[in-house]
Amino acid sequence: MKVPKYPYPGDADLRRLVRFSAEDGTIWLAEHRMLLLHAAALGSLRKELINSVGLEQARRVLTRMGFASGTRDAELAKKIRAGKPVMDAFLVGPQLHMLEGSVRVTPIKLDMDITAGKFYGELRWDNSWEAEAHVREFGPQSEPICWMLLGYASGYTTEFMSRFVLFKEVSCVACGAAHCTIVGKPVEEWPDAEEHTRYYEADSIVSRLLELRTEVDVLRSSLEQQYQIENLVGDSPAFRRTYDLVAKAAGTNVTVLLTGETGVGKERFARALHDLSARRDAPFVAVNCAALPEDLVESELFGVEKGAFTGAHASRAGKFERADGGTIFLDEIGDMPLPAQSKLLRVLQEGEIERLGDERTRRINVRVVAATNANLEAAVKTGRFRSDLFYRLNVYPIAVPPLRERAADLPTLATAMLKRFGTLHGKRFGGITDKAMKALASFSWPGNIRELENMIERGVILAPNDGWVELDHLSPCLGNGAEREASITESGHLREKMPADQSQLCDTILASGYSFETIESMLLEEAVQRAAGNLAGAARLLGLSRPQLSYRLKRNKNTSDNHEA
Ligand SMILES: [Zn+2]
């Protein structure tokens, strides 16, 4: 049996997208993580699925699974062959389907007009892995069974055409045909569409399971709500430990000292402490002690009476008074000047404040949460921080972990930020690609949550709407997370990937159309010129010995003489 050959465009652009990174245990198709798994294993999964949920449900699950991968590949197709003839771009689907090892695809008839929304496709399939696996387990069939492959074709074309294009398998090797044949048209053009579209819908059993699942999630999240206060997101052991300390402190009036590196989110924990406490309906007032000019610290914190100093034209309440009944958060407490420190000590000891230039003392009821990224004990030793204040503040210290110690939280954090910034900037995304997520996870995050936030926001701004946030949209300092990668060659063998600059150079050379000889001559001549005719110097530039250079110059000269003769 002879398989017809179809004039596909070259697929080097697609092969280049496949990267094997064995040392990392990852395989990539562009930015999406892929798997090289045993068809036999997938075959047994398929069998288990059919046996446990029945043919109908299994077909639905597999169709939808194929649909999902087709959709992903179509997103890639629009990008990788943008600017090429539309047919070339469309053929990315069949070519990827082959490259991914699913089936051999030969278009019989393809007719499409994206703007008019017209599509007709008839394609031949050989070597369907699905038919092979199915027949091995269940023997010959009376109905076509390449469900996942069919789902892929529908998903791919639907995404590509931006309208629901439904493919049907009209003949299948599982039913004894010589090869499988599929036909695709916009769903409205199939009179019996309903019989088929139900396999593309989230099915009743699955959706019922999902409903139950949602219920469980709701119940669980009400238990876990304590871990999800506003922007405080996390589930790692380090995060939970910190959170539990905060939650326990919330039930008391204890003064809390939050320590931790810059950007770890100390203010968020302080806010959570406030929200969890009985003071939640009273004000939460945050003050950055380092941001206040030294001569204004006291009046800002404790208030001022009219006439206390030149410029004090009116009496004014300070932050402490404004936080009465609630919580005051004193960030970067290590930068508080000494006079203000003694007043703070008095607030903590007596629960009283005195406005600047006022004789009266005022009773206030404020919980103090202080934070520092500096080593306060060291500041005490050098006399920059009062030791009595330090001991007052250090009653209940909580160390907020740096981001690198809660790596498990990274995907959740990044996804939550993506949602938040997406809303803020009016953009929607499929998500963060696997590759970008991997790079985020392997970064050390010296700037912690704040740095992550900045990077995600940058990604949100740079990524195309309705697309994915890719590695390139984040920061160049991330690296690609993979040291050594290999790609597949035309002959199907793995080849170590060359560094980007080398690969670019090769692209330029290959695209120039010059023969290898011409390129060699050009290089030799250029080196000789740059060395001002000095052959030893030119040889050094080229990494050759002088005799080697002379030999090559002579040989190339002879060939060009012969050509001219
Ligand atoms: Zn088939």
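The values are calculated or read from the model by the stated rules, or taken from the named source; none is laboratory data. Predicted model, so just to flag it, every value in this text is computed and none were measured. Side chains are part of the model used for accessible areas, which takes the heavy atoms of the whole protein and leaves out ligands, DNA and RNA. Shrake-Rupley method; radii C 1.70, N 1.55, O 1.52, S 1.80 Å.
How would you classify the chain from its alpha-carbon gyration tensor, with a ≥ b ≥ c the square roots of the eigenvalues: rounded for a/c under 1.5, else prolate if a/b is greater than b/c, otherwise oblate? Verdict is oblate for the chain. Distant-in-sequence amide contacts of residue 26, defined by a placed amide H-H separation under 5 Å and a gap of 5 or more residues or a different chain, comprise 21.
I'd like the distance between the alpha-carbon centres of segment 34-50 and segment 108-166, rounded to an integer number of Å. If you average the Cα positions of each part, the centres end up 19 Å apart. Only DSSP H runs of four or more residues enter the estimate; each adds -39500 (n - 2.57), and after division by the residues of the chain the mean residue ellipticity at 222 nm equals -14500 deg cm²/dmol.
Residue 37 contributes about 90 Å² of solvent-accessible surface, heavy atoms of the protein only, 1.4 Å probe. Subtracting the Cα-Cα distance of residue 391 and residue 141 from their residue separation scaled by 0.36 nm leaves 82.0 nm.
Across every pair of non-identical alpha carbons in segment 260-370, the mean reciprocal distance, once inverted, gives a Kirkwood radius of 14.4 Å. Solvent exposure of residue 109, expressed as accessible area, is near 110 Å², computed with a probe of 1.4 Å over the protein chains only. If the segment from residue 399 to residue 545 were pulled out straight at 0.36 nm per residue, it would be longer than the present Cα-Cα gap by 46.3 nm. For the chain, the longest principal axis of the Cα atoms and the long axis of helix 448-462 meet at an angle of about 50 degrees.
For residue 356, the amide hydrogen comes within under 5 Å of the amide hydrogens of 303, 304, 305, counting only partners 5 or more places away or on other chains and with H modelled in the peptide plane.
A 1.4 Å probe, protein heavy atoms only, puts the accessible area of residue 279 near 20 Å². Please state, as a whole number in µm²/s, the translational diffusion coefficient that the Stokes-Einstein equation yields for segment 40-190 at 37 °C and 0.692 mPa s, with Rh defined as the Kirkwood radius across alpha carbon pairs. Stokes-Einstein gives a translational diffusion coefficient of 212 µm²/s.
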